[in-house]
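Please treat every number below as a calculation from the coordinates, not as lab data. Keep in mind it's a predicted model, so treat the numbers as computed, not measured. When we count neighbours, we look across all protein chains shown, and the Cβ atoms used for this are built from the backbone with ideal geometry, even at glycine.
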Amino acid sequence: MIELPSKPVSYSRTIITELMIPSYSNFEGRIHGGILLSLMDKAATACAAKHTGGYCVTVSVDEVSFFHPIEVGEIVTLMASVNYVGNTSLVVGVKVEAENIKTGVLKHTNTTYFNLVAKDELGRLRQVPRLLLENMEDVRRFTEAMIRREFKLQTEVNFTAKTKNIDLIRELPKLKKERCELSFDI
């Protein structure tokens, strides 16, 4: 396999800005989380495609937490950058900020990490260019992505080990402390 030339983080950095309109909102006038996730995925995919020079698909999204609601009429800016690359995969961080255009108040609403893979014309995985880290911030993001990846893999291993052979009968007493009830007899 021929090694592709490295590309700097700055080459694929992507910014998307969009006005939040009423059709994006719920009954309270706040933007649906699904709309925001779609916009974030668009920014992540565009960033990844620019870095790889081709088609990329989202494989998973790490935890999504919304710090502040986004209101209709606010301007949302999504800033995406490649934080980590593997052989065929990459992690793109997307930071979201919302600005009230009347007051100028800017709020960081969330940051999420998208895990993508590069595909060729036939839909097969393909190699991605190495990432050229240009400053210590890039090093920090790359290192955090490595740690997040290790943590995620370990969590999956632990979860699988713990849930592989659950004895549901032994677990039933724990349900009494939860907000559920059984509608069938055991």
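For the chain, with only Lys/Arg (+1) and Asp/Glu (-1) charged at the beta-carbon, what is the dipole magnitude about the Cα centre, in debye rounded to 20?
Its charge dipole is roughly 340 debye.
What Kirkwood radius, in Å to one decimal, follows from the Cα pairs of segment 22-164?
16.6 Å
Below 13 Å, Cα to Cα, which aspartates and glutamates can K102 reach? Residues fewer than 8 away in the same chain don't count.
E71, E74
When a footprinting reagent is the concern and you count Cβ atoms within 10 Å, what order do T163, T143, T109 take, fewest first?
Starting with the residue having the fewest Cβ neighbours, the order is T163, T143, T109.
Residue by residue through segment 113-123, which ³J(HN,Hα) values in whole Hz follow from phi under the Karplus form 6.51 cos²θ - 1.76 cosθ + 1.60 (θ = phi - 60°), with glycine and proline marked x?
In residue order, the calculated couplings are 10, 9, 9, 10, 10, 8, 10, 8, 4, 9, x Hz.
Quick one, what does Rg over Rh come out to for segment 1-63 if you take C-alpha atoms and the Kirkwood Rh?
Rounded to two decimals, Rg/Rh equals 1.11.
Cα to Cα, under 26 Å, and not fewer than 8 places away if on the same chain: which lysines meet these conditions relative to K95?
Result set, ordered by chain and number: K7, K42, K50, K107, K119, K152.
Calculated from DSSP H runs of 4 or more alone, at -39500 (n - 2.57) each and per residue, what is the 222 nm mean residue ellipticity of the chain, nearest 500?
When only DSSP H runs of four or more count, the value is -10500 deg cm²/dmol.
Go ahead and collect, in residue order, the members of segment 66-106 whose backbone nitrogen is under 12 Å from a label point 7 Å along the Cα-Cβ direction of N135.
Output list for this probe position: empty.
Would you work out which of T14, F27, L122 lies farthest towards the positive end of the dipole of the chain, given +1 charges on the beta-carbon of Lys and Arg and -1 on that of Asp and Glu, about the Cα centre?
Working it through, the farthest residue towards the positive pole turns out to be L122.
If I take R0 = 35 Å and measure r between the Cβ atoms of N87 and K164 in this structure, what FRET efficiency does the formula 1/(1 + (r/R0)^6) give, to the nearest 0.05?
In this case the efficiency is close to 0.75.
Taking amide H atoms as placed 1.01 Å from N in the peptide plane, list the residues 5 or more away in sequence, or in a different chain, whose amide H sits under 5 Å from that of Y55.
Those qualifying (amide H under 5 Å, at least 5 residues apart or on another chain) are K119.
Find out how many positive minus negative residues lie around A49, taking Lys and Arg as positive, Asp and Glu as negative, among other residues whose Cβ is under 11 Å from that of A49.
That sum, taken over residues with Cβ under 11 Å, equals +3.
To make sure I understand, if each residue's beta carbon is the centre and we count other beta carbons within 10 Å, what order do R149, R179, R170 fall in, fewest to most?
R179, R170, R149
Could you calculate the contour length gain from F151 to H68, that is, 0.36 nm times the residue separation minus the distance between their Cα atoms, to one decimal place in nm?
Going from the current span to full extension adds 27.2 nm.
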